Structure formats: structure tokens, C-alpha cells
Amino acid sequence: MGMLDFCKAGGYPVYVLCILLITYLLNQLDRYILAIVILPLAQEIHFGDKSCLPNETRQPGPLQCNNASGDKHCYSLLNANGTPYCKWDYNGNGWEYQIMAGPIFILIYTFMGIFIGFLADAANRKNLLAVSLFFWSLMTFLMGFAQEYWHLALLRFGQGIGEAGCTPFAASLIADYFPEAARGSAMGFYNWGIYTGYSLSFAVGNYITRANIMGLGWRWTFFICGIPGFLVSLVVLMTVKEPQRTQGTGERAHNVNTPSSLSLSQRLSRILQPFLSPSLLLLCLAGSIRNAGGYVWAYNAQIYFSQYFPGEDVGRWLSWIPLVGGSFGVLFGGFISDRVVKKRGLPARVWVLVISQIVAAPFLVGVLWLSPPYAFLLLIPANIIGEMWVGVTLAIVVELVPPVIRTSAVAFYLFIITNIGGNMPLLVPPLTSLYGLRTALLILFPGMYVAGSLLFLLTFCVARRDQRKITSAETEPLLPESDEVSQEEHHKRT
């Protein structure tokens with residue numbers, strides 16, 4: 001099926017898909033806008049680490065300000081006029097920022113995702129999606145009024161609660177609006193919201209802050225990011241219809257053989273059991289490490305370029321490079337996985353992961369080693385090659401678990417890699433204090449790609465053995481025979 005085969009589903013389903021794409025775009029925009037405006041935000045609210053930064057109101061001098069080791073050294077750097085051209089100020093980094101970007105958001109986001117996943121199976125999904133969108137947009141909007149660090153932390157926590165409802169409800173709606181043959185393409189279109197929203201955050205965060213609307217600077221970025229969510233939530237509520245839930249075919253058509261007929265403990269046991277296998281354990285660890293590299297860069301890219309290249313227009317480059325590189329990377333990875341290695345089985349898919357991450361790592365070293373514009377240009381091949389892992393790992397997960405629990409298994413896999421990877425930016429402050437920000441990012445960005453590649457290679461060594469076990473597992477009943485008989489008798493009586 002082609003990438004746009006979902007268009008055959010009809011005009012209204014495609015309209016709903018476009019609304020869901022916009023919703024996901026706003027989800028990612030609101031999530032990452034904090035990372036883009038963190039420097040002026042931290043300087044106004046006063047939190048995080050301090051370092052020697054350029055004083056933009058003074059004529060530059062011969063040395064870079066970040067070479068200064070302390071406040072006295074910082075103010076001793078003089079320009080041609082004999083005046084200090086650097087200032088000792090908050091740099092946007094530090095424990096307070098990394099905790100707000102990571103754990104405060106990630107933990108509630110992932111745990112709420114489990115609860116919301118159960119709601120998606122029974123509740124009115126489009127209404128809950130509209131409420132979720134409105135709530136996280138409200139949290140984003142209110143961040144523009146923050147006066148203290150705890151205001152931001154509390155609103156960031158609320159952001160995580162609201163954003164947790166986006167993909168579970170959207171994915172469930174897509175599954176019911178589109179036939180099975182078009183769902184993959186529809187989900188691929190929906191996932192463009194990741195790179196579109198992330199890229200847009202650099203444009204909004206840099207240029208709106210620079211515009212200094214009404215003298216409010218960074219605060220208007222949160223206002224502008226939050227307001228569209230209020231409007232789109234009304235559009236979802238008023239124009240998106242709750243579709244009839246599909247029942248599926250084969251095993252899913254018989255109530256006694258579906259996971260929904262099991263108790264909660266039985267369902268959890270059924271989902272967790274495959275993850276005890278060495279191959280899935282290693283895949284989760286490798287995916288978590290690789291995901292960590294992405295989170296570290298997403299929340300520290302703006303800080304890095306602001307510190308080492310203070311005069312560089314970051315928005316000019318990063319407002320489109322993640323969109324182009326990431327989108328092509330996901331599509332290219334899916335093409336490689338489905339068209340090239342499909343006939344060779346799961347081991348070949350793992351090799352795609354191993355090779356792609358190793359090849360991408362040197363480009364990332366160049367990003368952190370070279371000056372703009374070369375640093376930005378190297379992000380293009382790095383994103384195209386490095387982002388291939390997203391779809392390929394999900395394909396491996398579904399091949400290593402029985403078909404009846406594939407959706408739940410994917411959700412659990414994402415839960416693991418998000419919790420581990422999303423909290424890895426906490427290592428940035430201690431490594432920065434020891435070696436500097438650039439070295440810290442070299443360890444936690446391309447270093448994580450290499451570590452992930454090695455773990456993917458280790459996964460390859462055991463994946464083939466575990467895959468053979470799936471054939472026998474697929475034929476096992478979900479319930480013991482006695483339970484199936486009692487279930488059948490119960491349905492006959494009712």
C-alpha cells in the first residue's frame with residue numbers, strides 16, 4: 001500500500017485524520033516550547049545554573065565568554081573599549097530545568113497513559129480527546145503568566161496529564177475510521193505531527209521571543225502556543241464523530257478468545273510475559289538508550305547553540321531540519337524494514353537498527369564539533385539515518401509477541417523507553433559540571449546512539465531464538481479450557 005492509501009477511506013475520515021494531525025502537532029509544540037525559551041525564562045524567573053554569557057548590549061570582545069571559569073574571570077574579559085562584554089547569569093541549564101523537562105512531565109505522562117489506554121476502550125474518545133487538548137493548552141497558556149519556578153513545575157505537571165490523552169485516543173479513532181490495509185499509512189501521516197510540532201517550536205520560540213510583543217518576550221510564546229488548542233478542541237468536539245468500534249476478524253471476533261474477556265491481572269500477565277524473554281528485554285534496553293539520546297538533544301539543542309554560538313539564528317535552521325530529516329528518516333526506515341528485509345525475517349530488521357545508529361553517530365559528533373552552518377547541515381543526514389529506528393523497532397516488537405496482545409505490547413514498550421529515555425537528561429547537569437556542556441552532549445547524544453547500536457547487536461544474538469517460541473504461543477488459548485467452557489456457558493445463559 002502507498003503512503004496515501006488512507007485517502008481511499010473517504011473524505012470525512014481524511015478530514016478527521018487532518019484534525020488529529022493538527023492536534024498532535026500542538027501536542028509536540030507545547031511540549032518542547034519550554035526548551036526553546038528556557039534561557040530568557042530562567043534569567044527572568046531566576047533558577048538553574050549560572051555561567052559566563054555574552055552581554056548583548058555591549059560590543060563583543062576577542063574571547064568567547066564561555067571560556068570564563070567564574071564570575072570574576074567573566075567580568076574581567078574586556079572589549080576594545082575597555083568595558084566587560086560578558087555577564088554572569090542564568091544559562092537555562094541545571095537540575096531545576098532538567099527535572100522540569102524530564103521527570104515532572106514524563107512520569108505523569110506515562111502513568112496517565114496507562115489509565116487513559118483503558119478509557120479509550122470504553123469511553124467517548126473524541127470528547128475525551130477534546131478535553132485533553134483543551135486542558136494541556138490551558139496549562140501551556142498559563143505558563144506565560146508564571147512568576148516563580150514552582151508555578152512552571154506545577155503547570156508542566158498539568159501539561160503531562162493533558163498530553164497523555166492525545167495519542168491513545170487518536171490512535172483508537174484512526175483504527176475505527178480506516179480499514180486495516182490503510183491504518184499503517186494513516187498512522188504514518190498522523191506521526192508527522194512529531195517533527196512538525198518540534199520544528200515549529202524552534203520558529204515560535206526564537207522569533208516570537210525576539211519580537212518582544214508588548215515587552216513580554218518569551219511569555220508570548222506560551223500564549224501563542226496555547227490559544228490554537230482552545231480553537232482546535234472546539235473543532236474536535238463539534239465536528240469529529242465518535243465512530244462505531246470495529247470488532248476485527250479471526251480470534252478477535254470471539255469474545256472468549258480476546259484479551260478483554262480476561263481479568264485485569266490476567267491481561268497484565270499476558271502482556272508482561274513476552275517481555276521476560278531476553279530478546280525483548282534487550283530491545284527495550286536498547287530502545288531506551290537510543291531514545292535517551294533523542295530526549296537529551298531535544299531539550300538541550302537550543303541551550304547548546306545559545307551558549308557556544310550566541311549570535312547564531314537557531315530558528316532559521318532548526319525550524320525545518322527536524323521536519324525534513326525526521327520525516328524522511330521514518331519513511332525511509334519503514335521502506336527498508338518492509339520492502340528490503342521483510343523476506344529475510346526479523347534478524348535482518350535488527351541489522352537495520354545496528355547499522356543505522358552506527359552510521360548516524362559520526363554525523364552527530366560533527367554537529368557538536370563543527371561551527372554553523374556545517375553543524376546544522378550535518379543534522380540532515382543524521383536525522384534521516386538516525387530516525388530509521390522508530391518504525392523498525394515497533395515492527396520487531398509485534399513480531400516477538402502473539403498477535404492478540406500486539407497493541408498492548410507496543411504500548412508497554414513505549415512506556416518503558418519513554419520512562420527511561422525521558423529521564424536521561426538528568427545526567428546533563430553533573431556531566432556538564434565535570435566536563436562542560438559540549439562533552440556532556442557528546443557522551444549523551446552520539447554516545448547513546450553507539451551504545452544503542454551495540455545493544456541492538458546483542459538483541460540480534462538472541463532474537464531468532466525467541467521468535468521461534470511465538471509460533472507455539474500463538475496457538476495457545478488465552479484461558480484454560482475450564483475457563484473457556486465456563487465463559488461459553490455464561491454467554492449461553494445470557
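Quick one: is F145 of a type outside the set (A, V, I, L, M), modelled with pLDDT of 95 or more and surrounded by fewer than 19 Cβ atoms within 10 Å (Cβ to Cβ)? Walk me through it before giving the result.
Working: of a type outside the set (A, V, I, L, M): yes; modelled with pLDDT of 95 or more: yes; surrounded by fewer than 19 Cβ atoms within 10 Å (Cβ to Cβ): yes.
Yes.
Can you run down the residue pairs with Cβ atoms below 6 Å, 6 or more apart or on separate chains, where the first is in segment 195-208 and free of Cβ contacts under 8 Å to residues at least 24 places away in the same chain and within 15 Å of P40 (Cβ to Cβ) and the partner is open to solvent by less than 20 Å² (accessible area, probe 1.4 Å) and part of a helix (DSSP H, G or I)?
I208/T221
Give the residues of segment 435-464 that are among the charged types (D, E, K, R) and under 15 Å from L282 (Cα atoms), sorted by residue number. Step through it out loud before you land on a result.
Going through segment 435-464, the residues among the charged types (D, E, K, R) turn out to be 438, 464.
Result: R464, single match.
Go through the residues of segment 88-111 one by one and say whether even a single one is open to solvent by less than 40 Å² (accessible area, probe 1.4 Å), in a strand (DSSP E or B) and not aromatic (F, W, Y).
Within segment 88-111 (the criterion being open to solvent by less than 40 Å² (accessible area, probe 1.4 Å), in a strand (DSSP E or B) and not aromatic (F, W, Y)), the answer is yes, since at least one residue qualifies.
If you check N127 against the conditions, is it in a helix (DSSP H, G or I), open to solvent by 50 Å² or more (accessible area, probe 1.4 Å) and among the polar types (S, T, N, Q)?
Values: in a helix (DSSP H, G or I): yes; open to solvent by 50 Å² or more (accessible area, probe 1.4 Å): yes; among the polar types (S, T, N, Q): yes.
Here the answer is yes, as N127 does meet what is asked.
Do you know which of the residues in segment 190-205 that are out of contact with any Pro (no Cβ under 8 Å at 6 or more places or on another chain) and among the small types (G, A, S) is surrounded by the most Cβ atoms within 10 Å (Cβ to Cβ)?
Only one residue tops the list, namely G205.
Tally up the residues in segment 66-86 that are open to solvent by less than 60 Å² (accessible area, probe 1.4 Å), without any contact (Cβ under 8 Å) to a residue 60 or more places away in the chain and not small (G, A, S), please. Before you say what the answer is, go through the steps one by one.
Keep residues of segment 66-86 that are open to solvent by less than 60 Å² (accessible area, probe 1.4 Å), which gives 66, 68, 70, 74, 77, 79, 82-86.
Subset that is without any contact (Cβ under 8 Å) to a residue 60 or more places away in the chain: 68, 70, 74, 77, 79, 82-86.
Narrowing further to those that are not small (G, A, S): 74, 77, 79, 83-86.
The qualifying residues number 7.
With respect to G345, determine if the residue is closer than 24 Å to P274 by Cβ, modelled with pLDDT under 95 and open to solvent by 30 Å² or more (accessible area, probe 1.4 Å). Give the steps one after another, and end with the answer.
On the way: closer than 24 Å to P274 by Cβ: yes; modelled with pLDDT under 95: yes; open to solvent by 30 Å² or more (accessible area, probe 1.4 Å): no.
Here the answer is no, as G345 does not meet what is asked.
The values are calculated or read from the model by the stated rules, or taken from the named source; none is laboratory data. Source: prediction; values computed, not measured. No Cβ is skipped: glycine too gets one built from the backbone with ideal geometry, and neighbour counts run over all protein chains shown. For accessibility, only protein heavy atoms count, side chains too; no ligands or nucleic acids. Shrake-Rupley method; radii C 1.70, N 1.55, O 1.52, S 1.80 Å.
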